[in-house]
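The structure under discussion appears below in the form of structure tokens.
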Amino acid sequence: SKWRRELKERLERLRCPPATDPASASPKLLALVQHLRETRPAKCIVFITRRAACRLLHGFLSAALDVGCWEVCWACREGPVAIARGRGSEGYSERQFDAALDAFRGEAGPGRHKVLVCTSVLEEGIDVPSCDAVIDFDGATTSQRRQQRMGRARAQNARFVEMIDCSDEGERAKAEARIARLQGWQELTVKELGGGARRPSPG
């Protein structure tokens, strides 16, 4: 499609590393970019499991999304972040963490959109009332973590999206079963505790 050709050209111009090459990107990763371009949330949090993957996804989205309209930042726990086998690592500091949160919390401005790629470090402790979308890229492993991630979407009519790799039927079936199981546990917990808090709409 046209936007995929444009993405490939932009990445080539930026000389991005192989991990961000759309030719080797998974359909799931390309679907994430397409979803953001189509829904255009004001402020979106994207949860991903691994620290190194968090950094790479940040680089990919930074190149894939129009810099004039999108601001992409990333956050993980303080410490080393692996780059590639045999090439050592770079550190992620507390100062970088604070700067990423400050940037995400700030006003987006007319026609601009913000994306925060992060690990589980932000499942709790961040409150951004204007966050209108949360995307779970890898999938939460427990109902508690799923509920915490959903809770980051604070804005009215916010949406929570769980991404599934549909290229493999077996993996797709496992992911759908996992989501159904976690949803069941979550609903049971809410019922037992009598919770009535608003939850974002599922994607």
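Details
- Count of region 102-159 residues, restricted to those that are part of a strand (DSSP E or B), in contact with a helix residue (DSSP H, G or I) (Cβ under 7 Å, 6 or more places away or on another chain) and of a type in the set (K, R), is 1.
- Region 6-56, subset open to solvent by 40 Å² or more (accessible area, probe 1.4 Å) and touching a Pro at 6+ places or on another chain (Cβ under 9 Å), residue modelled with the lowest pLDDT: K8
The values are calculated or read from the model by the stated rules, or taken from the named source; none is laboratory data. Treat the numbers as computed from the prediction; the structure is a model and nothing was measured. Glycine gets a Cβ as well: all are built from the backbone with ideal geometry, and neighbour counts include every protein chain shown. In case anyone asks, the SASA skips ligands and DNA or RNA and just uses the protein heavy atoms, side chains included. Shrake-Rupley method; radii C 1.70, N 1.55, O 1.52, S 1.80 Å.
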